[in-house]
Structure formats: C-alpha cells, structure tokens
1. Taking the stretch 282-312, which residues are polar (S, T, N, Q), touching a residue at least 40 places away in the same chain (Cβ under 8 Å) and under 19 Å from Pro192 (Cβ atoms)?
2. Taking the stretch 71-87, which residues are under 24 Å from Ala127 (Cβ atoms) and either among the polar types (S, T, N, Q) or free of Cβ contacts under 8 Å to residues at least 60 places away in the same chain (or both)?
3. Being under 13 Å from Val218 (Cβ atoms), in contact with a Phe, Trp or Tyr (Cβ under 8 Å, 6 or more places away or on another chain) and modelled with pLDDT of 95 or more narrows it down to one residue among Leu183, Leu149, Leu195; which is it?
4. In this structure, is Tyr91 crowded, with 20+ Cβ neighbours inside 10 Å, modelled with pLDDT of 95 or more, touching a strand residue (DSSP E or B) at 6+ places or on another chain (Cβ under 7 Å) and hydroxyl-bearing (Ser, Thr, Tyr)?
5. I'd like the full set of residues that are crowded, with 16+ Cβ neighbours inside 10 Å and hydroxyl-bearing (Ser, Thr, Tyr), limited to the stretch 164-213.
6. So how many residues does the stretch 151-207 have that are assigned to a helix (DSSP H, G or I), among the basic types (Lys, Arg) and closer than 26 Å to Leu72 by Cα?
7. Would you call Thr36 modelled with pLDDT under 95 and not hydrophobic (A, V, I, L, M, F, W, C)?
Amino acid sequence: MSSTLASAKISRRTSLVWTAASASAWFSGAALAHTTTPSIDVQHARGTTPVPAHPRRVVAYDLAALDILQSLQLPVAGVPRADYPAYLKRYADHQKYPVAGSLFEPDYDVLSQLRPDLILVASRSAARFDTLSRIAPTLDLSTRGTHLLEDMNRNVQTLAALFGKQRAGEQLMNQVHSEIAALKPLAAKAGPGLLVLAINDRMSAQAPGSRFGLLHDVLGVQPALAADPTKPRGQSLTMEDIARINPEWLYVIDRNAATGSAPGGGEMIPSQKVFDNATIRATKAGQKGQVVFLDPKGWYLLGSAAPTAMLNNVRQIRAALQGTKTA
C-alpha cells in the first residue's frame with residue numbers, strides 16, 4: 001500500500017458542505033443541515049484536507065483532474081470551459097456536465113446550483129484554492145515538473161482512496177511507470193533532442209528542469225540544450241538558434257493548437273507552417289525527417305500530468321523514435 005494510502009485516516013466527523021457565509025449569500029439565508037458522514041484525510045499539494053468519503057458532486061477546474069476521474073470512472077458534476085482533447089470530449093456535453101467556470105476562474109453562480117461536496121483545482125485554477133475551500137472541501141492537484149510522477153501518483157491514489165478504488169489506482173500508475181520504463185532505453189539510444197514551445201513564430205526552448213522539461217527529466221530523451229535554472233519557463237529561441245544547436249530530433253508543442261486560439265485573439269499560424277522552412281530543413285532533424293509535432297493538448301493543456309495524457313505522449317514519442325505512426 002502506498003504512503004498516501006497509509007496516511008489516509010477514516011474517521012467520523014461532522015462536516016458542512018457549504019460555509020455559512022457562502023450559503024447566506026447564495027441560498028438566501030436558508031438553514032444548513034449538519035450531517036455526520038465518514039471522511040478521509042487526504043494529502044494534496046497544499047497539505048491535508050478532510051473530504052467526505054464517496055463524494056457525489058465533484059467539480060473539477062483542471063483537465064488533468066478530469067483525466068484521472070475518467071480513468072477511474074468517478075462521478076463528475078461540473079467542468080471547466082476548455083478545448084478538450086478527443087479522449088475527454090464527453091465532458092464537452094454541457095447538458096450532462098454543466099460548465100462551472102474556466103480553467104482559471106470559477107463561476108460562483110453555477111457552483112451555488114451544483115452545491116459540490118468536492119472541488120478539484122490545479123495549476124491554472126490553484127490561485128482560487130482559498131476561496132473555493134470556503135465553499136466545499138477543495139484539493140489542489142498541482143504537480144511539480146521535478147516530481148511529476150510522484151505528484152501524479154499522489155493525485156491518482158488520493159482520488160482512488162476516496163471512492164474505495166485503490167487497486168484500480170495502483171494498476172493505473174503501474175501501467176504509467178511500465179510504459180515510461182520501456183521508453184527510456186529507446187530514448188537514450190536516439191540522438192539529442194530539442195523541445196520547443198511555439199506560439200506562432202515566437203519560440204522558447206524547454207531544456208531539462210524547465211516547464212516541459214519532463215521530455216528529458218522523466219522520459220529520458222537526451223537534451224540538445226543544457227539546463228538553465230534561471231529560466232524555468234524556457235529560453236527564448238530563434239530559427240537561427242535552432243540551426244546553431246542543430247539537434248538530431250526536434251520536438252514542437254503548438255500552444256495555439258492546444259488552446260484553440262492565439263494570445264489576444266490574433267492570427268493563428270500552425271507550427272507545421274512555421275517550421276516548414278529552409279533553416280529547419282537544413283538541420284540534422286530536418287534532414288532525417290525527425291521533426292515531431294507533439295500532441296498539443298496532452299502537453300500544453302494537461303502538462304502530461306495525468307495517466308492517459310502521459311500514456312498518450314509516451315506512445316507518440318515511442319512511435320516517432322521507432323519510425324512508426326500512431327493511430
């Protein structure tokens with residue numbers, strides 16, 4: 001049993017789903033009933049929070065959280081407005097899954113109608129943790145790039161434990177670890193790779209230790225560019241810089257393709273078009289046909305921070321290194 005599960009303590013405690021202040025504002029002063037329910041003390045990015053066992057009205061403001069909920073077949077009552085990856089498209093049915101806000105901001109009017117007994121935030125929505133915690137038990141499922149698998153395991157085991165699905169959670173993470181372990185020897189034998197985050201023709205290199213450095217830190221791809229601890233969000237890059245680095249593999253994340261829009265609502269230029277030029281074709285990666293356009297949603301929107309997203313990304317890289325195509 002994992003340390004997360006070992007620390008989970010089931011107890012009887014009186015819990016309020018809504019705080020009195022929030023309830024008075026949203027429910028016109030209606031009296032709240034105190035209900036005694038089993039709860040579990042669970043660990044997350046902000047510490048430990050008591051959560052009712054088997055919550056029924058779960059609202060998620062993070063796609064990686066939805067990835068876990070779907071993988072474990074757990075209930076979902078509210079979702080963020082987002083450009084969902086294909087495998088999460090079920091949550092785009094807003095008749096069945098009401099929109100409870102964006103990836104950044106909750107819609108408190110919708111929350112007042114949903115009356116959640118569990119709220120999940122992470123990364124983009126984590127700034128609203130304190131406010132949401134006054135409404136219902138809230139877990140911060142944010143992950144750290146330097147401890148991605150450890151934090152992913154914590155998140156999976158936490159949600160699995162709440163619903164008595166520990167075995168399913170363990171099996172899910174075993175699959176993630178197994179497929180990463182199978183990729184690493186293949187990645188180690190391939191030539192050095194450069195990972196680029198592209199926003200139209202603006203680019204940043206993602207070296208080890210950076211925002212998307214998991215390509216190197218977790219998946220084992222040899223870096224063509226050394227780490228720079230002073231630039232955790234990436235190093236500004238030009239086409240000429242790429243030519244100078246001359247990687248054998250070039251990996252590209254198209255930010256606009258991930259979000260479905262350009263910053264400020266401007267023109268969207270696909271990365272395939274941006275990188276289709278003589279400078280890139282003259283690099284080792286270009287000459288060998290080793291320019292890989294990574295799944296933008298799995299990398300940018302989900303940050304590879306959940307099991308299905310990670311497995312999809314691992315499989316795409318493995319297929320690229322093996323010279324095969326993914327479905």
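The values are calculated or read from the model by the stated rules, or taken from the named source; none is laboratory data. None of the values given here were measured: they were computed from a predicted structure. We place every Cβ from the backbone using ideal geometry, glycine too, and count neighbours over all the protein chains shown. Please note that ligands, DNA and RNA were not included when accessible areas were found on the heavy atoms of the full protein model with its side chains. Shrake-Rupley method; radii C 1.70, N 1.55, O 1.52, S 1.80 Å.
1. Thr283, Gln290 - these are the residues of the stretch 282-312 that are polar (S, T, N, Q), touching a residue at least 40 places away in the same chain (Cβ under 8 Å) and under 19 Å from Pro192 (Cβ atoms).
2. Val76, Ala77, Gly78, Val79, Pro80, Arg81 - these are the residues of the stretch 71-87 that are under 24 Å from Ala127 (Cβ atoms) and either among the polar types (S, T, N, Q) or free of Cβ contacts under 8 Å to residues at least 60 places away in the same chain (or both).
3. Leu195
4. Yes.
5. Ser204, Ser210
6. Of the residues in that region, 2 qualify.
7. yes
Each row is one residue, and each column tells you yes or no for (1) open to solvent by 20 Å² or more (accessible area, probe 1.4 Å); (2) at pLDDT below 95; (3) in contact with an Asp or Glu (Cβ under 7 Å, 6 or more places away or on another chain); (4) β-branched (Val, Ile, Thr).
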position: Arg81; (1), (2), (3), (4): yes, no, no, no
position: Pro98; (1), (2), (3), (4): yes, no, no, no
position: Phe104; (1), (2), (3), (4): yes, no, no, no
position: Tyr108; (1), (2), (3), (4): yes, no, no, no
position: Pro116; (1), (2), (3), (4): no, no, no, no
position: Ile135; (1), (2), (3), (4): no, no, no, yes
